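This report concerns only the one structure given below.
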Amino acid sequence: MEMASGSEVISPGQTDEEKHFLTIYEIMTAEEFTEFNNNRKLFNQNILSGNATREELIVQITLESMILNTCKRKIEQIMRETYIGEFNSKIESILSNRIHDMYIVLFDTFKYDVHLVSKYIQFGMENKTLIKNYKFVLDGVMNSFHRDPEIYITGAHHAFNDCNDIESARQYISTGIQFHEDFKKLYVEDFWIEVKNLNQTGDTSLQAALGKYNHIIQHFNNDVDLHFDLVDTALDEHIKMTQLQCIIIRDMVNKYRKNELMWQKLAKIHLNGFVYNYDTEIIQKIPSIKQYISISNCINTYDRALAQDLSPNSKQNLWNMFLDNMIDIHNSIDNDDEVSENYINKSIDRIFAQAYSINFMKQPRHFIFWAGRNDGGKAEAVILKKGLNISKENFELWKKLFEYYLYHNYMRAAMNILLESVDILKDKALPLWETMELIAFSVDKKLIQEFYYQASIIVKVEVINLRFRPQFLEWYCVARDVKSGRQIFNSLKCLKPKCLDLYKIMIRFETLSITSKEKRHINYIRKLYNEACNLFGKVNVELWYDCIQFEYIYGHPTLVEVIFKGGIHLLEKPSLKAELKELKYKLDAQFRVNNERQNEEEE
């Protein structure tokens, strides 16, 4: 752990002034101040001896800052209540300079991050009467190496925004670039400072901004993303339009004409109310431009781009972005702007139909949006089927088509969609089948039985089979009777994959139908348990428990030990064997008590 060292860093004097202020205004008691000051002296000794850690320094700075802020609030209160213009006390100067000294030790001794530098800048801004030159210390911080380049950006923002010091801002960024030559954000922030300076000073700073811009695009040649960052910086809503913006946009258009991302960027620029003239290479911001005009300019940009000699991949990507942008515009349009709403609706119909007709509509989301615009009409199903011809494995397209048929009560078509989709989607089709199960119950028994027959027997997808075979059996037993349920059970139990829940449901209904301890019925249930334990008993303790409990209640308690030994033999894990032993012990105790009570009642 790094330790702080130094001499003449934190002065032990001037405590009388502190004590007087802190105690007379009841911020601390005399005893509290004595304890606080003794701890401070001990901390000062640790600093001078080099034993203070970074964490201890930060804690002490935080504590001293809290006291300083409390004193400031007290002074403001006194001035407000006594109506005096000035308050004669050195307390703020004493505390702020002590804190500043600790920051100096911290910066000189330890590593620090942008958060700590930001706190120091905030401290300096809030204590402008510092005797020590906080700006001198900040310069020292900014002119040294830091692993985190954000430190230089923080310092530059402070220098320009808070101090109106363009030269210090430039110097801080320049130092950062020396140490982090490939960190692009430093260059963007460097340009941003020049843009804001140009905004304040007018054309006298144009050459400086252009110089920075040209240096950046040469240093990062052919970096389209960085160029976009520079565009965003120059087109900030708070920045006046100058020749600078025209040059940046002109370069972007000319240099990246074959890049679909450039056209996407330019389209969005037009959507934001700018207008670029390709002939004069001038860009303008049109005040209070009508929304439909901006949308028209955006669409015209895409049309112009698609007329370029782009590669097939670039053209496909551009179409994807074009359609996405139209969806975004449609979703964000102001419903009160009827003209713009009508314009975008007509444009979308044309654009989506064109994209499909020339085989450039490839994304399921585009088909779903396009179909949704024909909500309820036959065209909705037609468009969704077109989408499935291109993206057969897309669940959302199947889901939308399935919902369309359900909405129109086309049950036969909906069932056909289930069967078609499951061949392609496999397990992923389960939510559609679950929906159909609910719908079938609201229609009639015939549809329910057909649904369960398809889901349980015809379809060869394990997830769907295991989900609906038990439901089929349960419905059949309830809708008819247990005897009819046995027939379905005997058919379903032979199918793979084997299903434990199928046995559980059959056993439950058979048990509920016991009217007396009829031997033949009991033997049949015992047979079901025997089959289930042989099939699933290697990992299922609960099944063995249920089987033992059944014998205690309905069967022969003498068979309990036989079943228990079978479970211990068949269960694979020692932990499962131990669990069965514990459950068996509890059952033995429970039924022993029951038998004792029964005997007492008979006597």
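Brief remarks follow.
- Per the conditions (1) over 34 Å from the mean Cα position of the chain (by Cα); (2) open to solvent by 20 Å² or more (accessible area, probe 1.4 Å), the sole criterion not satisfied by Leu244 is (2).
- In the stretch 17-71, the residues that are more than 46 Å from the chain's Cα centre (by Cα) and outside any helix (DSSP H, G or I): Tyr25, Glu26, Met28, Thr29, Ser49
- Per-region count, the stretch 527-550, residues open to solvent by 20 Å² or more (accessible area, probe 1.4 Å), under 48 Å from the mean Cα position of the chain (by Cα) and farther than 13 Å from Arg508 by Cα: 8
- Test: residue in the stretch 19-34 that is of a type outside the set (Val, Ile, Thr), within 25 Å of His115 (Cβ to Cβ) and either modelled with pLDDT of 90 or more or open to solvent by less than 70 Å² (accessible area, probe 1.4 Å) (or both): no
- Within the span defined as the stretch 409-431, every residue fails to be part of a loop (DSSP other than H, G, I, E, B), surrounded by fewer than 20 Cβ atoms within 10 Å (Cβ to Cβ) and small (Gly, Ala, Ser).
- Tally, over the stretch 373-395, of residues that are within 16 Å of Tyr410 (Cβ to Cβ) and among the basic types (Lys, Arg): 2
- Which numbered condition Asn359 misses (of (1) within 32 Å of the chain's Cα centre (by Cα); (2) under 30 Å from Ser294 (Cβ atoms); (3) not in a helix (DSSP H, G or I)): (1)
- Count - residues of the stretch 72-118 that are under 40 Å from the mean Cα position of the chain (by Cα) and over 18 Å from Val141 (Cα atoms): 0
- Ala234 satisfies every condition listed in (1) open to solvent by 20 Å² or more (accessible area, probe 1.4 Å); (2) out of contact with any Asp or Glu (no Cβ under 9 Å at 6 or more places or on another chain); (3) more than 24 Å from Asp334 (Cα to Cα); (4) small (Gly, Ala, Ser) except (1).
- Of all residues in the stretch 244-285, those that are over 20 Å from Leu206 (Cβ atoms) and out of contact with any helix residue (DSSP H, G or I) (no Cβ under 8 Å at 6 or more places or on another chain) total 4.
- Residues that are open to solvent by less than 40 Å² (accessible area, probe 1.4 Å) and outside any helix (DSSP H, G or I) within the stretch 261-318 comprise Gly273, Phe274, Tyr276, Ile283, Leu310, listed in sequence order.
- Some residue of the stretch 551-569 being of a type in the set (Ser, Thr, Tyr), part of a helix (DSSP H, G or I), at pLDDT 95 or above and open to solvent by less than 100 Å² (accessible area, probe 1.4 Å): no
- Subset of the stretch 102-143 (residues that are farther than 17 Å from Ile47 by Cβ, touching a residue at least 24 places away in the same chain (Cβ under 8 Å) and among the acidic types (Asp, Glu)): Asp113, Asp139
- Inclusion of Ile333 among residues that are modelled with pLDDT under 95, open to solvent by less than 80 Å² (accessible area, probe 1.4 Å) and within 25 Å of Phe360 (Cβ to Cβ) is warranted.
- Cross-chain or 6+ apart pairs with Cβ under 7 Å, the stretch 285-310 first and among the polar types (S, T, N, Q), then open to solvent by less than 60 Å² (accessible area, probe 1.4 Å) and in a helix (DSSP H, G or I): Gln291/Ser340; Ser294/His270; Ser294/Leu271; Asn297/His270; Thr301/Trp263; Thr301/Leu266; Thr301/Ala267; Thr301/His270
- Total residues in the stretch 184-231, condition over 17 Å from Phe160 (Cα atoms), of a type in the set (A, V, I, L, M) and open to solvent by 30 Å² or more (accessible area, probe 1.4 Å): 1
- Near pairs, Cβ below 7 angstrom, 6+ apart or cross-chain, from the stretch 572-584 (within 16 Å of Val560 (Cβ to Cβ)) to any residue that is assigned to a helix (DSSP H, G or I) and not β-branched (Val, Ile, Thr): Leu580/Trp544; Leu580/Gly567; Leu583/Tyr545; Lys584/Phe564
- Residue in the stretch 457-479 that is polar (S, T, N, Q), assigned to a helix (DSSP H, G or I) and under 23 Å from Cys547 (Cα atoms) present: yes
- Scanning the stretch 37-56 for residues being closer than 16 Å to Lys19 by Cα, buried (at least 16 other Cβ atoms within 10 Å of the Cβ) and not charged (D, E, K, R) gives a total of 1.
- Contact map, the stretch 456-477: first residue touching a residue at least 12 places away in the same chain (Cβ under 8 Å) and surrounded by fewer than 18 Cβ atoms within 10 Å (Cβ to Cβ), second residue not β-branched (Val, Ile, Thr) and not in a helix (DSSP H, G or I), Cβ cut-off under 6 Å, separation 6 or more or different chains; pairs are Glu462/Pro497; Leu466/Cys499.
- Flag if Lys483 is more than 29 Å from Val539 (Cα to Cα), at pLDDT below 95 and surrounded by fewer than 18 Cβ atoms within 10 Å (Cβ to Cβ): yes
- Residue match in the stretch 131-139 (condition: part of a loop (DSSP other than H, G, I, E, B) and closer than 27 Å to Ala209 by Cβ): no
- Scan of the stretch 349-369 for residues that are aliphatic (A, V, I, L, M) and either in contact with a strand residue (DSSP E or B) (Cβ under 8 Å, 6 or more places away or on another chain) or open to solvent by less than 70 Å² (accessible area, probe 1.4 Å) (or both), ordered by number: Ile351, Ala353, Ala355, Met361, Ile368
- Filtered residue count, the stretch 373-385, keeping only those that are surrounded by 13 or more Cβ atoms within 10 Å (Cβ to Cβ) and either touching a residue at least 40 places away in the same chain (Cβ under 8 Å) or part of a helix (DSSP H, G or I) (or both): 6
- For the stretch 57-77, the candidate set comprises residues that are free of Cβ contacts under 8 Å to residues at least 24 places away in the same chain and surrounded by 13 or more Cβ atoms within 10 Å (Cβ to Cβ); within that set, the residue that is farthest from Asp101 (Cα to Cα) is Ile75.
The values are calculated or read from the model by the stated rules, or taken from the named source; none is laboratory data. Predicted model, so just to flag it, every value in this text is computed and none were measured. Neighbour counts are summed over all protein chains in view; Cβ atoms, including those assigned to glycine, are modelled from backbone coordinates with ideal geometry. Please note that ligands, DNA and RNA were not included when accessible areas were found on the heavy atoms of the full protein model with its side chains. Shrake-Rupley method; radii C 1.70, N 1.55, O 1.52, S 1.80 Å.
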